[in-house]
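The values are calculated or read from the model by the stated rules, or taken from the named source; none is laboratory data. Nothing here was measured: the structure is a model prediction, and the numbers come from that model. Every residue, glycine among them, receives a Cβ derived from its backbone with ideal geometry; neighbour counts consider all protein chains shown.
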Amino acid sequence: MTQRMSSVESHFWPVGSERVRRKGDHALDRLHAVAGRGGSDATIVVALLESAADAAESHGAISALPSAELHQWRAVGATFDKRSRARNDERLVDAFGSLLGRSVIGDAAMAEVLAVDKSRVSQRVADRSLYAFTAGDERGFPRWQIFEGKALPGLKLVLRSLDPELHPLSVDHWFTTENLDLEIDGTPVSPATWLATGGDAHNAANLAADL
């Protein structure tokens with residue numbers, strides 16, 4: 001993987017930023033693994049990748065990818081031509097609609113769920129002890145962060161380890177997808193389930209930092 005990345009790093013990753021290259025290397029591996037499994041998760045991953053490719057293409061990044069790597073991505077359904085843009089947008093709209101349907105919409109509604117003042121919700125978003133994303137004129141709060149009427153135990157530690165620039169769909173996917181590094185009785189669980197069942201938040205936080 002390192003050798004492959006070195007051939008495109010001058011286009012795809014900022015020169016001199018070893019940490020960015022390392023994170024990009026890791027992210028590409030994880031995206032390819034998820035896409036290769038198929039199903040609805042793969043559809044979201046491929047759509048996100050293609051949309052990112054549209055933006056990157058304007059800077060010459062996609063044209064710099066080796067043909068072997070392009071073949072790998074195309075094998076799991078990714079396309080990189082301009083005609084794919086409408087299809088990508090439709091997939092992302094569907095995925096975002098699903099996220100909205102699994103979220104509490106609006107600070108006032110979230111305050112009612114948590115039995116706190118609305119101002120307290122804003123404070124918790126600001127200090128990253130609650131996760132929120134923009135939903136039109138309101139904020140959306142994914143329900144996976146709520147457990148028995150309260151925020152998940154250890155949520156603040158994990159959220160503070162996440163890159164704040166991550167797309168809401170990426171955050172939602174990570175929190176709700178089984179993680180091989182988080183096991184209960186030998187069975188992989190999602191980070192949300194891990195926290196809800198008393199798992200060590202530091203373990204989840206360390207994984208979140210790699211996203």
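May I ask you to verify whether Ala135 is without any contact (Cβ under 8 Å) to a residue 24 or more places away in the chain and within 20 Å of the chain's Cα centre (by Cα)? No.
So, Ala204, is that one in contact with a strand residue (DSSP E or B) (Cβ under 7 Å, 6 or more places away or on another chain) and either surrounded by 13 or more Cβ atoms within 10 Å (Cβ to Cβ) or not in a helix (DSSP H, G or I) (or both) or not? Taking the combined requirement at face value, the residue satisfies it. Checking every residue in segment 192-200 against the condition of being surrounded by fewer than 14 Cβ atoms within 10 Å (Cβ to Cβ) and small (Gly, Ala, Ser) gives at least one match. Scoring Leu130 on the criteria (1) in a helix (DSSP H, G or I); (2) modelled with pLDDT of 95 or more; (3) out of contact with any Pro (no Cβ under 8 Å at 6 or more places or on another chain); (4) surrounded by 18 or more Cβ atoms within 10 Å (Cβ to Cβ) leaves a single failure, condition (1).
Only one residue in Val116, Val125 is in a helix (DSSP H, G or I), among the β-branched types (Val, Ile, Thr) and at pLDDT 95 or above, so which one is that?
Only one candidate qualifies: Val125.
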